[in-house]
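The values are calculated or read from the model by the stated rules, or taken from the named source; none is laboratory data. This is a predicted model, so every value here is computed, not measured. Every residue, glycine as well, gets a Cβ built from its backbone with ideal geometry; the counts of neighbours run over all protein chains shown.
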């Protein structure tokens with residue numbers, strides 16, 4: 001696992017019997033060069049994997065230009081249809097890079113060679129398989145991979161941040177599904193933050209389920225705004241993210257005030 005200088009964003013180089021996956025390569029050019037070098041040294045790179053379409057997770061595919069990209073069938077369909085949300089992810093990356101003078105020599109584009117993966121699909125990887133789970137809620141296009149006893153879950157279960165909610169009922173259903181999956185894994189790699197034991201990931205999952213339940217049950221905006229954050233309360237911006245979560249469930253007025 002390699003970690004970017006932005007938001008503790010995780011990139012993983014996974015080698016199984018000489019077949020290599022690169023999961024969420026991120027983010028700055030020198031970091032991507034190091035990730036590509038590590039992947040090529042580990043064996044034959046079979047694929048780059050996107051856990052979801054947000055800009056901080058998808059720009060690195062250009063560092064391995066001849067490699068196909070695995071992604072959820074939901075994200076693949078959005079890209080193929082030129083969906084406005086998919087276009088916005090590229091625009092967000094372009095804006096960030098422009099603000100911080102980040103060179104992006106290959107531009108801001110989606111990969112041309114994509115391999116959509118369905119929910120529950122088992123994809124051969126060397127002597128093992130990578131089992132996929134679609135995880136909507138943080139975004140419509142979330143994808144987790146389970147390889148042996150390790151789970152890559154994208155932007156869920158991070159100790160660094162509270163849930164960032166796109167669809168609250170879907171997010172809750174995803175957490176319940178992850179809770180069951182955690183019963184027999186050894187390690188969890190979230191999109192941001194340190195590698196987790198199953199016990200640590202389960203504790204975060206329970207915190208987030210409780211937060212979602214309080215948010216969904218809040219009778220009004222004031223009650224929603226008063227819900228304690230599950231963690232990271234001192235991190236700048238987390239109260240703003242909580243206000244955005246309140247807005248997603250129709251409890252915006254007091255949360256923003």
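Among the residues of the range 62-91, the ones that are closer than 20 Å to residue 103 by Cα and either in contact with a helix residue (DSSP H, G or I) (Cβ under 6 Å, 6 or more places away or on another chain) or in a strand (DSSP E or B) (or both) come to 3 in all. Restricting 174, 197 to residues that are buried (at least 16 other Cβ atoms within 10 Å of the Cβ), at pLDDT 95 or above and either touching a strand residue (DSSP E or B) at 6+ places or on another chain (Cβ under 7 Å) or within 22 Å of residue 51 (Cα to Cα) (or both) narrows the list to 174. For the range 195-223, taking the residues that are without any contact (Cβ under 8 Å) to a residue 40 or more places away in the chain and not in a helix (DSSP H, G or I), the one that is nearest to residue 165 (Cα to Cα) is identified as 218. Hey, does the range 72-91 have a residue that's at pLDDT 95 or above, in contact with a strand residue (DSSP E or B) (Cβ under 6 Å, 6 or more places away or on another chain) and within 22 Å of residue 192 (Cβ to Cβ)? Checked the range 72-91: at least one residue is at pLDDT 95 or above, in contact with a strand residue (DSSP E or B) (Cβ under 6 Å, 6 or more places away or on another chain) and within 22 Å of residue 192 (Cβ to Cβ).
Restricting 95, 33, 76 to those that are surrounded by fewer than 18 Cβ atoms within 10 Å (Cβ to Cβ) and under 23 Å from residue 155 (Cα atoms) reduces the list to 95. Of all residue pairs spaced 6 or more apart or on separate chains, those with beta-carbon atoms under 6 Å, a first member in the range 224-252 that is over 24 Å from residue 200 (Cβ atoms) and a second member that is not in a helix (DSSP H, G or I) are 224/218; 224/251; 246/252; 248/165; 251/218. State which residue is surrounded by the fewest Cβ atoms within 10 Å (Cβ to Cβ) when the search covers only the range 10-30 and only residues that are within 13 Å of the chain's Cα centre (by Cα) and without any contact (Cβ under 8 Å) to a residue 40 or more places away in the chain. That would be 26.
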